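The values are calculated or read from the model by the stated rules, or taken from the named source; none is laboratory data. The model shown is predicted, which means the values in this text are computed figures rather than measured ones. Because the Cβ atoms are built from the backbone with ideal geometry, glycine has one as well, and the counts that use them run over all protein chains shown.
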Amino acid sequence: MTTTDTAALARFLDVFPDWLRTLGEDAGALGNVVTTRSDDEVARYVASGLNYIFKSLDLIPDGIDDLGFCDDAFVIRVASALACDADGAAREGVLGRLADEAKQVEEFLEDDYARLVTYVTGLRKGAARGRTVEDIMTDTSVRSAFVHEVNAWAGEYQVPAFTRDVKTLIKLKAFLNAKLA
């Protein structure tokens, strides 16, 4: 890695810790979107991003919480961008802010961003903890339980340590590169 590459990555050393700090709050605010939106594309994208957090929680091995939660922060931003693309009127509040921040994910991942978008789009057909996005969107009791679980997690979320070193960013890129199809 060249000095120029290192300098380009270094600017994310302040961004990603902030995203980790607000991940719980962001998830809680997105849970409200799932509650208040009807069964539409916006709610489906948001629910898929939030459902991914639970899938991720069940898979994050000990010792890489910072990378795993950065992954979650990336997914909810991309899901928010996709939701805003589906309905431009949704670009208010937390959805608009997270959608705008997805541009930084794109800058960070460069060519791998398209793979992440494809991955996040596919989450709409995925499941976590025995519930699919379709279940969340069509069954009010599942939706209510899901939003309750999101809010409970958001309230209990503990911000992981994030080593402000370019090596952490290189590990994050490798982690995502290995994860994405």
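Couple of notes before you dig in:
- Evaluation of His148 against (1) exposed (fewer than 15 other Cβ atoms within 10 Å of the Cβ); (2) at pLDDT 95 or above; (3) of a type outside the set (A, V, I, L, M); (4) touching an Asp or Glu at 6+ places or on another chain (Cβ under 8 Å) (one fails), failing number: (4)
- Residue within the range 75-82 that is within 16 Å of Phe175 (Cα to Cα) and crowded, with 19+ Cβ neighbours inside 10 Å present: yes
- Checked against the criterion of being over 24 Å from Asp18 (Cα atoms) and in a helix (DSSP H, G or I), the range 43-55 contains one or more residues that satisfy it.
- When Ala102, Ala47, Ala73, Ala81 are screened for being within 12 Å of the chain's Cα centre (by Cα) and more than 25 Å from Arg131 (Cα to Cα), only Ala102 passes.
- Taking the criterion of being outside any helix (DSSP H, G or I) and closer than 17 Å to Glu41 by Cβ, the residues of the range 95-136 that qualify are Gly126, Thr132.
- Among (1) touching a residue at least 60 places away in the same chain (Cβ under 8 Å); (2) part of a helix (DSSP H, G or I); (3) over 14 Å from Leu30 (Cβ atoms), the one test that Ala178 misses: (1)
- Of note, Asp18 does not satisfy the criterion of being among the charged types (D, E, K, R), surrounded by 15 or more Cβ atoms within 10 Å (Cβ to Cβ), assigned to a helix (DSSP H, G or I) and at pLDDT 95 or above.
- Any pair with Cβ under 8 angstrom, 6 or more apart, that starts in the range 11-35 at a residue that is farther than 16 Å from Arg97 by Cα and ends at one that is in a helix (DSSP H, G or I) and among the aromatic types (Phe, Trp, Tyr): Phe12/Phe108; Val34/Phe146
- Any hit, the range 157-167, residues being without any contact (Cβ under 8 Å) to a residue 40 or more places away in the chain, of a type outside the set (A, V, I, L, M) and touching a helix residue (DSSP H, G or I) at 6+ places or on another chain (Cβ under 9 Å): yes
- Residues in the range 87-106 that are loosely packed, with under 15 Cβ neighbours inside 10 Å and modelled with pLDDT of 95 or more: Asp100, Lys103.
- A count restricted to the range 156-175 and to residues that are part of a helix (DSSP H, G or I) and among the polar types (S, T, N, Q) stands at 1.
- Of the residues in the range 168-176, not one is modelled with pLDDT of 95 or more and farther than 13 Å from Tyr45 by Cα.
- The condition of being farther than 21 Å from Asp26 by Cβ, surrounded by 15 or more Cβ atoms within 10 Å (Cβ to Cβ) and among the hydroxyl-bearing types (Ser, Thr, Tyr) holds for only one of Thr132, Thr118, Thr140, Thr168, that being Thr132.
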